[in-house]
1. Of the conditions (1) free of Cβ contacts under 8 Å to residues at least 24 places away in the same chain; (2) buried (at least 18 other Cβ atoms within 10 Å of the Cβ); (3) not hydroxyl-bearing (Ser, Thr, Tyr), Leu166 clears all except one; give me its number.
2. Could you give me the residue pairs with C-beta distances under 6 Å whose first residue belongs to the range 238-253 and is assigned by the TED database to the domain that holds Leu174, whose second residue is open to solvent by 30 Å² or more (accessible area, probe 1.4 Å) wherever it lies, and which are 6+ apart or on separate chains?
3. Which residue is nearest to the chain's Cα centre (by Cα), if the candidates are limited to the range 141-159 and must be open to solvent by 30 Å² or more (accessible area, probe 1.4 Å) and modelled with pLDDT of 90 or more?
4. Just give me the residues in the range 238-293 being open to solvent by 50 Å² or more (accessible area, probe 1.4 Å), closer than 21 Å to Val157 by Cβ and in contact with a Lys or Arg (Cβ under 8 Å, 6 or more places away or on another chain), in sequence order.
5. For residues in the range 210-231 being part of a helix (DSSP H, G or I), in contact with a helix residue (DSSP H, G or I) (Cβ under 7 Å, 6 or more places away or on another chain) and not hydroxyl-bearing (Ser, Thr, Tyr), which is farthest from His172 (Cα to Cα)?
6. Taking strands (runs of 3 or more DSSP E) that fall entirely within the range 125-171, which contain at least 2 residues that are more than 9 Å from Ile270 (Cβ to Cβ)?
Amino acid sequence: MIDKLEMFLAVAKEGHFGRAAATLGITQPSLSAGIKQLEETLGVLLIFRGSRYGGLTPEGQSALVWARRIVGDARQLKDEMRATRHGLSGRLRIAVVPTALTWAARLAARYGEAHPNVGFTILSRSSVQILQMIEDLQVDAGISYLDNEPLGKVSAVPLYDESYALVAPRDHPLAGRHPVPWSALDGQRLCLLTPDMQNRRIINRRLTDAGVTPMAMVESNSTVVLVSQVLAGGWLTILPQDIAGFLAQGKPLALMPMEGEGPGHAVGLIAPWREPHTPVLEALLTEARRMVR
């Protein structure tokens, strides 16, 4: 039953039988047979299909909620039994907003010192994608904004409040301003994160509040690309101070704090609400709390 539910979850996520089979490492006929057996066991049609995938039936939508719960519980059981026998081991999958990747690296390093048999997969994603990946059981946890988008029911550990820095070439006219008013960016050549990133939406609001039209001639979902663009000459970017300092280190760039307007947005570790958490995930939440202290 668990294997069949895993197949069902893969089809619901991919919206395509061939892609779902590829993600599971099985053939498409095996996948189709597994879904058919699940439907026969439950006595309902879960997926509309003719020559191709046609979406979930109403019963399939209800079954999807149960499938996530059952598969999540089964994975937790396996993790707890493995921890009982061998201590913490396995792999943690974490999705992280691009501006918090330095914090993800620190958290993974600290965790690895205490639990060397646990590996990490760290993915850079938007805040919306992170929530969906957690719900779909694609990742175990995320690092994202806590106060700027509905999170639903999650366990959360605040890590830091964002403050922003302007990254500029050292010879730029704004390089000597401390702090830099947001209004000073009017007419400047900006390169910023893409609009699907929550950080970009925050920056847009700050610029708009200062009377500046939030325009970026270069956009990217990578902070590395933004800093590289500044290095190419004549461009400016705005990033949270932590990742800005990391990416600009050792380069001919100037970092200036942006003018503050109250506390910044909170960023933290989020995980599915579950009591208890798996031992591996509970240890991650504990390490995050220690890191903040």
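1. (1)
2. So the pair list comes out as Gln241/Ser163; Ala244/Leu255; Ala248/Leu255; Pro252/Arg170.
3. Result: Leu146.
4. Trp273, Arg290, listed by residue number.
5. Val224
6. Counting at least 2 such residues, we get 154-161, 164-169.
Listed here are the residues, each with its yes/no results for (1) under 25 Å from the mean Cα position of the chain (by Cα); (2) at pLDDT 90 or above; (3) among the hydrophobic types (A, V, I, L, M, F, W, C).
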| position | (1), (2), (3) |
| --- | --- |
| Ser220 | yes, yes, no |
| Leu247 | yes, yes, yes |
| Pro263 | yes, no, no |
| Leu269 | yes, yes, yes |
| Arg274 | yes, no, no |
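Residue-wise test of (1) of a type in the set (Val, Ile, Thr); (2) in contact with a strand residue (DSSP E or B) (Cβ under 8 Å, 6 or more places away or on another chain); (3) assigned to a loop (DSSP other than H, G, I, E, B).
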| residue | (1), (2), (3) |
| --- | --- |
| Gly234 | no, yes, yes |
| Asp242 | no, yes, no |
| Leu247 | no, yes, no |
| Leu269 | no, yes, no |
| Arg274 | no, yes, yes |
| His277 | no, yes, yes |
| Glu282 | no, no, no |
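The values are calculated or read from the model by the stated rules, or taken from the named source; none is laboratory data. Because the structure is a prediction, the values reported are computed rather than measured. So basically every Cβ, Gly included, is an ideal-geometry build from the backbone, and we count neighbours across all protein chains shown. Ligands, DNA and RNA are stripped out before the accessible areas are found, and what is left, the full protein with its side chains, is counted by its heavy atoms. Shrake-Rupley method; radii C 1.70, N 1.55, O 1.52, S 1.80 Å.
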